[in-house]
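K.L.:
Let me give you the structure first, and then I'll get to my questions.
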Amino acid sequence: MKVDTSDIQTLVKELLSLPMPSRAFLADRLVESTDNYADPEVEAAWRDEVERRLQQYEQGKVKGIPSRQVFREARKGLSSSCCGKPEARSS
């Protein structure tokens, strides 16, 4: 379906005039409708990146990080961001 840009702009203007609950419902439905969308170029770029990282790991150019450490650091980052104060990182 081909839609003219001016038609989209008109539609957006009309939709933005809806009450907040209606806009929230519409936004939720629009996001839901794109949940299974995968841009082929983005997917290809991620595949290339995964291959590159795997090769680096297999060649010993990079070391893995134990999952326990990754999750510990992620939890620290999440807990510090929820309180509005970034936590100092240790090297």
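Any read-out appearing in this document is the output of simple, stated calculations on the displayed coordinates, not a laboratory observation. Model, not experiment: these values are computed from the prediction. All Cβ positions, glycine included, derive from the backbone under ideal geometry; neighbour counts span all protein chains shown.
K.L.:
Excluding same-chain pairs closer than 8 in sequence, count the lysine pairs in the chain whose Cα atoms lie under 29 Å apart.
P.N.:
4
K.L.:
If a helix is a whole DSSP H run, which ones in the chain reach 20 Å or further along their own axis (Cα) and hold a mean Kyte-Doolittle hydropathy of at least -1.0?
P.N.:
Sorted by number, the helices that extend far enough and score high enough are 67-82.
K.L.:
Now for a separate question. Computed on alpha carbon atoms, what radius of gyration and Dmax characterise segment 12-63, expressed in Å?
P.N.:
20.1, 57
K.L.:
Could you compute the net charge surrounding residue 41? Neighbours are other residues with a C-beta less than 14 Å from the C-beta of residue 41; K and R count +1, D and E count -1.
P.N.:
-3
K.L.:
So what does the Cα-only Debye profile of the chain read at q = 0.12, 0.19, 0.25 Å⁻¹, as log10 I(q)/I(0), no solvent term?
P.N.:
The Cα Debye sum returns log10 ratios of -0.83, -1.03, -1.16.
K.L.:
Would you please name the chymotrypsin sites (Phe, Trp or Tyr not before Pro) within segment 15-78 that are DSSP coil residues with at most 14 other C-beta atoms within 10 Å of their C-beta?
P.N.:
Those that pass, being in a loop and sparsely packed, are 37.
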